[in-house]
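First up is the structure itself, then whatever we jot down about it.
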Amino acid sequence: MIEMTSILEFFRQDKFALVGAIIYILFILVALFAPAIAPYDPQEMVRVDGRIAFNREPEKNFKLGTTNMGRDIFSQLIYGARPALTVGFTAALFVMVVGTVVGLVSGYFGGKVDSLLMRLTDVVFGIPFDPFVIVLVSFLGPSIWNIVLAMALLLWRDTARVIRSQVLSIKKRAFVEAARVSGASHSRIIFSYIMPNILPLSLLYGSLAIGWAILTEAAVSFLGFGDPSSISWGYMLHDAYVSQALSRGAFYWMLPPGICIMLLVMAGFYISRGAEEVLQPKLRSM
Amino acid sequence: MTLNWKYIGRRFGQMLLTLWIIATILFFVFRLMPGNPLTAYIDPNFTKEQQEILLEQFGLDKPLFQQYLVFLLNLLQGNLGTSFVYRDDVLRVVARVLPNTLYLMLFSLIIAYVVGVLGGILLAWLRGKKGETVGIILTLFTRSAPQFWVGMLVLAIFSFRLGWLPSSGTGPAGVTYASEWAKFTSPVFWKYMLLPSLTLAIYLLGLPLLLMRTNMVETMEESYVTIARMRGLSERRVMLKYAARNAILPVVTAMAVGFGYAIGGNVVIENVFSWPGLGRLLVDAVTMSDYPLAQGAFLLAAAIMVFMNFVADLLYSVLDPRITVEDMG
């Protein structure tokens, strides 16, 4: 099992992973203390001298300007961290758990169970991701939980394949054979011998999935199928796109949400890239 | 390189099975829709005769299981119903926009894989130097920036600010191309395609680049590369002639899979640039509750994806004979 000291050691050795972790922590803090940081309510149409302040360029009261409806862009940006992180973490958790369980059962038991689960994985690999999410969300209703559901239904496919092949190779190792010969039960072999060895790999795929989930939520919101009750970065960009921010050159509106998405997704890559090197020490010696 | 016909046959059978299951899932998903089951095929605005023809064609007055059989039979004959919005056969509507999606995808893939392979070789060349870190960080930027956002920025800069390139569609308003070939050979069309395909290419670039780099680093360790080096060949020659040639194989396979995935990724890009392709058609169909069209567009996208996965598996088994059927699951 991974211990606290080895985690600290890992971050000390890998600057990339450290940067990634710091970015995550910053965004989590912003999401938690959003009401304290944001100067306005993100939905509020702010009035200055009794008139709605729409399409303001950045100034003292509006650090990033206002939208065409007079909403404060900076406040929206701060609150946008909440849906991003919620979707990212919950979807990644589902992806990790489902992918790991499918891969584990498939690889460990083999035979008919394996064939069946791998055919199922093939089917899921044949479903185009973005169209599926759009269709499902438009049928079930626009809410971030339906977006999470759509991702949970599809994105476990990569994890399952990778975990399966890892289990296949671990199964052949001497210590698993020894455990089997000495009469250990299936559950004991799985939980005590195989799980610890595939856990780093599932965590890696989990951290990649956070990025996928955030990008997907943004894309779905941008296309207009997002949750109207929560202002996400994708929704902000949708707003900017449909209200001619592009032709007006309102970069103060378009740039910040995209940069936030990018930073958060990249942080996941940094952490997983670091983890990859820990997993495959031969990469490091080369 | 011998073809394993038994494997190909089995894999082909699996592909058909996969397609059938996806079609089945789709059939039931589209029956879960809000409203009554007839809404999947019949627009209340259709005339009485139109409604009755469709009712008969799809057996909508029959029990669900029979409807399912009729659905499959129709599917085999390419009958996907009538689009509510276009008042036309779904397959015809879909076939009209498909070429636009394919051009966009192929052009972007070619840019992405040529630049990606060269970039991957460059990064392997720079291994251990500062340039490698910079290169990897830049690549990660392309992987983590939302595609539609890159598209928006590209539009705001090159189209609106500088006015160099058009912002949407496949040609000036009101202009229609005489034929598919006339469109494909028209410089105007390519001018319209440049921004969307560059945006898509930026996103697709990361995979071949990182893959090529990893493969290069691995093949550089192989004995035949060491031997070539010992024979006194220059490092550049060793890299390009020996290492790159072998490192490129998995990238070729990835391209087949990438083609299938690009179909999904296209949705966002086509919408940002109002590119009349499959992805935009799908979003429009869903937005306007044109269920038969949405179903048809989805099915076609899925079919392309499943087929490209099949091609990728075949390429994989031909290019890397060490892979056995058992490993593939």
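Scanning the stretch B:170-214 for residues that are surrounded by fewer than 14 Cβ atoms within 10 Å (Cβ to Cβ) and assigned to a loop (DSSP other than H, G, I, E, B) yields B:172, B:173, B:174, B:175, B:176, B:178, B:179, B:185.
Looking across the stretch A:249-261, the residues that are open to solvent by 10 Å² or more (accessible area, probe 1.4 Å) and touching a residue at least 40 places away in the same chain (Cβ under 8 Å) come down to A:252, A:256, A:260. Each residue in the stretch B:245-293 was checked for being within 17 Å of the chain's Cα centre (by Cα), touching a residue at least 60 places away in the same chain (Cβ under 8 Å) and farther than 13 Å from residue B:200 by Cβ, and 8 pass. If you go through the stretch A:98-108 and pick out every residue that is touching a residue at least 24 places away in the same chain (Cβ under 8 Å) and surrounded by fewer than 20 Cβ atoms within 10 Å (Cβ to Cβ), you end up with 2. Residues that are farther than 20 Å from residue A:96 by Cβ and under 23 Å from the mean Cα position of the chain (by Cα) within the stretch A:182-209 are absent altogether. Would you please name the residue that is farthest from the chain's Cα centre (by Cα), looking only at residues in the stretch B:122-143 that are of a type in the set (Val, Ile, Thr) and crowded, with 16+ Cβ neighbours inside 10 Å? Here the answer is B:136.
Residue-wise test of (1) modelled with pLDDT under 75; (2) among the hydrophobic types (A, V, I, L, M, F, W, C).
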| residue | (1), (2) |
| --- | --- |
| A:22 | no, yes |
| A:31 | no, yes |
| A:36 | no, yes |
| A:42 | no, no |
| A:52 | yes, yes |
| A:59 | no, no |
| A:63 | yes, no |
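Only residues that are at the interface with chain A (Cβ under 10 Å from one of its Cβ atoms) and open to solvent by 50 Å² or more (accessible area, probe 1.4 Å): list them for the stretch B:144-169, please. Matches in the stretch B:144-169: B:157, B:160, B:161. Evaluated against (1) open to solvent by 40 Å² or more (accessible area, probe 1.4 Å); (2) under 35 Å from the mean Cα position of the chain (by Cα), residue B:231 falls short on exactly one condition, (2). Just one of the numbered conditions (1) at pLDDT below 90; (2) more than 9 Å from chain A (Cβ to nearest Cβ) is not true of residue B:281: (1). Annotation: of all residues in the stretch B:87-121 being over 22 Å from the mean Cα position of the chain (by Cα) and buried (at least 17 other Cβ atoms within 10 Å of the Cβ), the one that is farthest from residue B:278 (Cα to Cα) is B:121.
Screening residue B:242 on (1) modelled with pLDDT of 75 or more; (2) surrounded by fewer than 22 Cβ atoms within 10 Å (Cβ to Cβ); (3) over 25 Å from residue B:101 (Cα atoms); (4) away from every other protein chain (no Cβ under 13 Å) shows it passes everything except condition (1). Return a yes/no flag: does the stretch A:215-224 have any residue that is in a loop (DSSP other than H, G, I, E, B) and more than 13 Å from chain B (Cβ to nearest Cβ). No, that holds for no residue. Against the conditions (1) open to solvent by less than 20 Å² (accessible area, probe 1.4 Å); (2) closer than 18 Å to residue B:223 by Cβ, residue B:237 satisfies every one except (1). Looking at B:234, B:274, just one residue is at positive phi and assigned by TED's automatic domain parsing to the domain that holds residue B:125, and that residue is B:274.
Please determine, by comparing only the residues of the stretch B:292-321 that are within 20 Å of residue A:129 (Cβ to Cβ) and aromatic (Phe, Trp, Tyr), which one is nearest to the other protein chains (Cβ to nearest Cβ). Ranking the qualifying residues of the stretch B:292-321, first place goes to B:298. Against the condition at negative phi, away from every other protein chain (no Cβ under 14 Å), without any contact (Cβ under 8 Å) to a residue 40 or more places away in the chain and not acidic (Asp, Glu), how does residue B:110 come out, does it pass? Judged against the criteria, residue B:110 is a match.
The values are calculated or read from the model by the stated rules, or taken from the named source; none is laboratory data. These numbers were taken from a predicted model, which means no experiment stands behind them. Glycine also receives a Cβ, built like all others from the backbone with ideal geometry; neighbour counts cover every protein chain displayed. To get the accessible areas, we keep the full protein, side chains included, count just its heavy atoms, and leave off ligands, DNA and RNA. Shrake-Rupley method; radii C 1.70, N 1.55, O 1.52, S 1.80 Å.
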